[in-house]
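First comes the structure, then the notes that go with it.
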Amino acid sequence: MRPLHPRDPHEPHRASTQLELLFDLVSVIAISAITAAFHHAASEGHGLDVLPNYIFLFTAIWWAWMNFTWFASAFDNDDQIYRWLTMVIMCGSLIFAGGVGSIFETLNFKWGLIGWIIMRIGMIGLWLRAAESGTTYRKTALRYAVGIAVAQAGWVALNVLTAPGSPTFLLFGILVFALEFSVPAFAERARPTPWHRHHIIERYGLLTIIVLGEGLLSVAHGYGLLFEGNAEVDAAIIATSGLVITFSLWALYFCETEHLRTNDNVTAFIWGYGHLPFFMGAALIGGGIGVELDVADNRAVTDYTAAAWYLGGPLALCLIVLWAI
């Protein structure tokens, strides 16, 4: 076990590690599960009713990814203890992902909460290691560890004190998310962590590819309808159009290599948090393409007019947010 010293923020050729890529794979599973659940709900005609559930769960999945990503950029030393704690986080994330379908329908996240607690044990363990490594970031690391623990207590209280899906539940959940989002701002005031700008740009780019993959999955499903002999012309048009949209969004996102042009913390917070609606919208585009295909294949309760909103709305969101950040 080596001390968890901070990484050089100007380290040349800093790239994502194989462990980070494995961590991303866990995020793929969770995002795919929740997007599929929304797609089916939208096809059945009640997509707007469950949209708050989607936003709630997607934010949770993204937040777990974001917590680990920024920590790894600053302190990843790749020793055995670091790997084990990261795998603990992935284990908790998979427990949460396994229950996404059920949580999406009811917002009862009893078992999901267990996964979330396991994730937090791993994350707190990493920050405590950073605090005990004899560096000048001890106060920052302790603030993170305590803040994460307090926020986790908030999720436990939410599960115990409120009825799943009730207005009180949603209001309480928003407050706990606000607490979650304030932890980095509070901790970084002690001393900003030395995250690596190019590493963070790459990590966000990789998650962008993951959420765009939801669109490609729907496109493949659309081409699959051709083999079944169902709605051949409509399916071909929708699938090809979805492919063009996905390719175009990829091109727009990666048209610049320096997405984040400064290490200034205020800019980084806006850029980092601002990606949430972009990621959410990009994943929803895949769901929207799926809804259009369900209409073409006569498997949907909704029609093309309603289905268009599930594709056009998320696409508009992505473009607006991409311009803003």
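The values are calculated or read from the model by the stated rules, or taken from the named source; none is laboratory data. Since the structure is predicted, the reported quantities are computational estimates derived from the model, not experimental observations. Positions of Cβ are generated from backbone atoms using ideal geometry, with glycine treated the same way; all protein chains shown enter the neighbour counts. The accessibility values were calculated without ligands, DNA or RNA, using every heavy atom of the protein model including side chains. Shrake-Rupley method; radii C 1.70, N 1.55, O 1.52, S 1.80 Å.
The figures follow:
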| item | result |
| --- | --- |
| Test result for residue 237, β-branched (Val, Ile, Thr), touching a Leu at 6+ places or on another chain (Cβ under 8 Å) and either touching a residue at least 24 places away in the same chain (Cβ under 8 Å) or part of a helix (DSSP H, G or I) (or both) | no |
| Selected residue [assigned to a helix (DSSP H, G or I), open to solvent by 10 Å² or more (accessible area, probe 1.4 Å) and without any contact (Cβ under 8 Å) to a residue 60 or more places away in the chain] from 153, 163 | 153 |
| Selection within segment 1-30 - closer than 16 Å to residue 205 by Cα and either of a type in the set (Asp, Glu) or assigned to a helix (DSSP H, G or I) (or both) | 18, 20, 21, 22, 23, 24, 25, 27, 28 |
| Scan of segment 25-66 for residues that are out of contact with any helix residue (DSSP H, G or I) (no Cβ under 6 Å at 6 or more places or on another chain) and not hydrophobic (A, V, I, L, M, F, W, C), ordered by number | 32, 40, 44, 45, 46, 49, 52, 59 |
| Residues of segment 76-108 classified as open to solvent by less than 20 Å² (accessible area, probe 1.4 Å) and farther than 17 Å from residue 32 by Cβ, total | 7 |
| Checklist (1) farther than 18 Å from residue 59 by Cβ; (2) crowded, with 17+ Cβ neighbours inside 10 Å applied to residue 168, failing item | (2) |
| Residue in segment 95-112 that is at pLDDT 90 or above and farther than 30 Å from residue 190 by Cα present | yes |
| Lone unmet requirement of (1) touching a residue at least 60 places away in the same chain (Cβ under 8 Å); (2) open to solvent by 10 Å² or more (accessible area, probe 1.4 Å); (3) under 21 Å from residue 202 (Cβ atoms) for residue 274 | (1) |
| Segment 242-266, residues that are open to solvent by 60 Å² or more (accessible area, probe 1.4 Å) and modelled with pLDDT of 90 or more | 244, 247, 250, 252, 254, 255 |
| Subset tally (residues that are open to solvent by less than 40 Å² (accessible area, probe 1.4 Å), part of a helix (DSSP H, G or I) and of a type in the set (Phe, Trp, Tyr)) for segment 195-231 | 1 |
| Selected residue [over 23 Å from residue 40 (Cβ atoms) and either in contact with a Cys (Cβ under 6 Å, 6 or more places away or on another chain) or of a type outside the set (S, T, N, Q) (or both)] from 214, 228, 180 | 180 |
